[in-house]
1. When the range 322-345 is examined, which residues are found to be of a type in the set (D, E, K, R) and more than 25 Å from Arg310 (Cα to Cα)?
2. Residue by residue through the range 76-86, note down the ones that are of a type in the set (A, V, I, L, M, F, W, C), in a helix (DSSP H, G or I) and more than 9 Å from ligand 2 (Cβ to nearest atom).
3. Is there a residue in the range 257-271 that is in contact with a Ser or Thr (Cβ under 7 Å, 6 or more places away or on another chain) and not hydroxyl-bearing (Ser, Thr, Tyr)?
4. Tell me, yes or no, whether the range 188-205 has at least one residue that is within 24 Å of Asp97 (Cβ to Cβ), within 12 Å of ligand 1 (Cβ to nearest atom), outside the structural domain of Lys389 (by TED's automatic domain parsing) and not in a strand (DSSP E or B).
5. Being assigned to a helix (DSSP H, G or I) and farther than 14 Å from Gly302 by Cβ is the filter here; which residues of the range 347-365 pass it?
6. Under 6 Å by Cβ, and 6 or more places apart or on different chains, what pairs join a residue from the range 367-384 that is assigned to a helix (DSSP H, G or I) with one that is surrounded by fewer than 18 Cβ atoms within 10 Å (Cβ to Cβ) and not hydroxyl-bearing (Ser, Thr, Tyr)?
7. Within the range 51-84, which residues are in contact (Cβ under 8 Å) with a residue 40 or more places away in the chain, small (Gly, Ala, Ser) and under 22 Å from Ile222 (Cα atoms)?
Amino acid sequence: MCGLAILPKQFDKGKIFMNLKAEDVFRPGAFPEYTYISRKSQFSDLSYEFRLNQAIRVSGFLTSLVGPSKMGKTILCEKVIGFGRIVEISGADFGADTDFWKLVATKVGLSYEGQVISGKTVYDTCDEYAMKENYLLTKDKIIDYYKENDLVLVIDDFHYAPEGKRLVVAQQLKDAIRRGFKAIVVSLPHRADEAIRQNADLSGRLSLINMEPWEVDDLKEIAKLGFGKLGIVIEDSVAERIAVESLSSPQLMQYICLNICTLLEMMGDKNQRVRLEMLEKAYHYTTANFEYGDVVSLMRKGPNTRGKKRISFRARDGKEYDLYELLVKSIAENPPLMKLDYETIKKRLHEMIADGCKRPEQRAIKESLNKLQELLNEREDIFKVVDWKEGTLYIVDPLFLFYLRWGGGRHVSQWC
Ligand SMILES: Nc1ncnc2c1ncn2[C@@H]1O[C@H](COP(=O)(O)OP(=O)(O)OP(=O)(O)O)[C@@H](O)[C@H]1O
Ligand SMILES: [Mg+2]
């Protein structure tokens with residue numbers, strides 16, 4: 001007789017769960033094998049995976065994938081193409097003198113230049129009498145190799161390639177895709193448009209995919225799926241709180257969930273339940289991985305006043321702040337927003353000022369925002385965290401806003 005078997009904890013409805021570790025399940029810096037979520041764009045019924053797959057199947061087209069920072073562009077390519085077929089290069093691999101085809105060849109182990117003797121490649125020989133001939137692998141051979149092996153070239157972070165180089169790459173790609181070479185160019189919005197999307201030579205030969213920020217419901221799924229796999233209970237409302245704080249970034253969601261697991265482990269919590277009270281601690285822990293201290297202090301200091309004292313305003317907390325300090329504080333306020341129009345900024349500023357005290361005026365607010373933008377533009381990429389344009393302040397880097405809200409071990413409402 002076949003009695004009811006008592007299954008060990010790892011067995012669940014016919015599925016065998018290995019003893020998964022939190023760091024296998026939540027992977028903020030790598031391919032999330034156990035917590036991959038497929039999602040659809042707001043404007044289409046088709047999933048991003050389906051669209052990208054369709055795009056690369058059509059011969060003769062170059063795929064341009066554009067989306068904000070940390071939204072899952074690279075992971076999407078890896079998911080759809082698979083690690084066996086994907087060849088990833090980065091815009092940062094290009095210097096002004098980089099030979100595009102040499103880079104593309106060496107990435108798959110093809111030796112681009114060499115010497116041959118009787119048809120064999122020779123890297124080193126002591127034979128003085130051997131007939132040596134230099135060769136250069138032709139572009140055609142490289143393209144054929146990619147086609148024969150069904151490889152797809154992904155040029156990731158294309159915006160990192162030097163500006164002049166982007167056009168050269170686009171020209172090479174134009175010719176190659178006509179011959180069946182498959183390539184995807186990935187970049188941040190507005191950062192590499194001219195070379196690819198606004199290149200007349202490529203018009204009519206582009207498949208465009210715009211990746212939008214993540215919705216709370218999709219982010220929630222990462223937590224529910226992952227904690228489920230680890231046998232940890234999480235209520236929908238708690239998953240939602242974390243999702244809101246993840247600022248439309250799946251990476252932040254993965255980071256926070258991983259840190260919640262660390263906390264549960266540290267507390268030796270037997271119930272294995274994610275509790276609302278532990279979230280703030282997990283947020284603080286998460287910011288320990290982010291290095292935006294210099295960015296925040298530059299923004300708070302604002303441009304050099306050349307010895308002139310700035311006007312200060314009395315806030316509700318009884319302290320005095322200048323306009324730059326108030327602006328940074330207003331960005332960090334609740335609810336966390338990735339896009340603040342001028343009216344919202346003004347409202348937040350005014351609400352911070354103590355009753356009956358002087359408030360910053362429109363002209364001064366706008367001027368400070370312009371100056372802040374100029375200040376950040378002059379600095380390295382890590383400083384490009386916000387974009388003030390046409391009356392709206394866009395948060396370009398979700399990790400920065402998260403740091404602003406939870407960094408330095410302080411709570412959002414008391415960080416200044
Ligand atoms: N579909 C997904 N499901 C679950 N988690 C995801 C998904 N896509 C991305 N992530 C998480 O977000 C992290 C960052 O993703 P990815 O590196 O693809 O972003 P990106 O848009 O390429 O970022 P960047 O702008 O820095 O290049 C991943 O390591 C993973 O933890
Ligand atoms: Mg990427």
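The values are calculated or read from the model by the stated rules, or taken from the named source; none is laboratory data. None of these values were measured; they are calculated from a predicted model. Don't worry about glycine lacking a Cβ; one is built from the backbone with ideal geometry, like all the others, and counts go over all protein chains shown.
1. Lys339
2. Listed by number, the residues that qualify are Leu76, Val80, Ile81.
3. Filtering the range 257-271 down to residues in contact with a Ser or Thr (Cβ under 7 Å, 6 or more places away or on another chain) leaves 259.
From what is left, the residues that are not hydroxyl-bearing (Ser, Thr, Tyr) are 259.
Within the range 257-271, one or more residues are in contact with a Ser or Thr (Cβ under 7 Å, 6 or more places away or on another chain) and not hydroxyl-bearing (Ser, Thr, Tyr).
4. Looking for residues that are within 24 Å of Asp97 (Cβ to Cβ), within 12 Å of ligand 1 (Cβ to nearest atom), outside the structural domain of Lys389 (by TED's automatic domain parsing) and not in a strand (DSSP E or B), one finds at least one in the range 188-205, hence yes.
5. If the condition is that a residue be assigned to a helix (DSSP H, G or I) and farther than 14 Å from Gly302 by Cβ, then Lys347, Arg348, Leu349, His350, Glu351, Met352, Gln362, Arg363 are the ones that fit.
6. Lys371/Pro303; Leu375/Pro303
7. Gly67, Ser69, Gly72
Each row is one residue, and each column tells you yes or no for (1) away from ligand 2 (no atom under 16 Å from the Cβ); (2) modelled with pLDDT under 95; (3) in contact with a Cys (Cβ under 6 Å, 6 or more places away or on another chain).
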position: Cys2; (1), (2), (3): yes, yes, no
position: Pro8; (1), (2), (3): yes, yes, no
position: Lys13; (1), (2), (3): yes, yes, no
position: Phe50; (1), (2), (3): yes, no, no
position: Gly67; (1), (2), (3): no, yes, no
position: Lys70; (1), (2), (3): no, yes, no
position: Thr74; (1), (2), (3): no, no, no
position: Glu88; (1), (2), (3): no, no, no
